[in-house]
């Protein structure tokens, strides 16, 4: 285990360092603070980070019956939206896709570009069918 020499006294940290050389580590004079204080500050920071991550994950979790919102928590939807956007190149294609999904083109824009909403399951399956047909060179009428 690494020994820290700080201010003339030798202390052992409570954590295991990544590398464990057997030589004592000499801290520069500018960093001459008690190693015990530094270790306790690091442990408190780690505990605080763990707590904030736990609270953030609880805050992002949707309630029962609530739909997911597009974002980093929905990677499959992000990939599908990117693939569909790549296929919407010609003028009027959003309108045509909107007719297939029974949605106005403004809602198609919100689904694929601004990502404020997600479609329901039926429309997501229709998007997958539309994308598959487009990749094969067919056009759904």
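Computed from the coordinates by the stated procedures, all read-outs in this text should not be read as laboratory data. Here the structure is a predicted model, which is why all the values come from computation and not from measurement. Cβ coordinates were reconstructed from backbone atoms using ideal geometry, including for glycine residues, and neighbour counts include every protein chain displayed.
Miscellaneous remarks
- When the Cα convex hull of region 75-135 is projected onto planes of every orientation, the mean area is 3.8 nm².
- In nm, spacing of pseudo-spin labels at residue 38 and residue 50 (7 Å Cα→C-beta vector): 2.2
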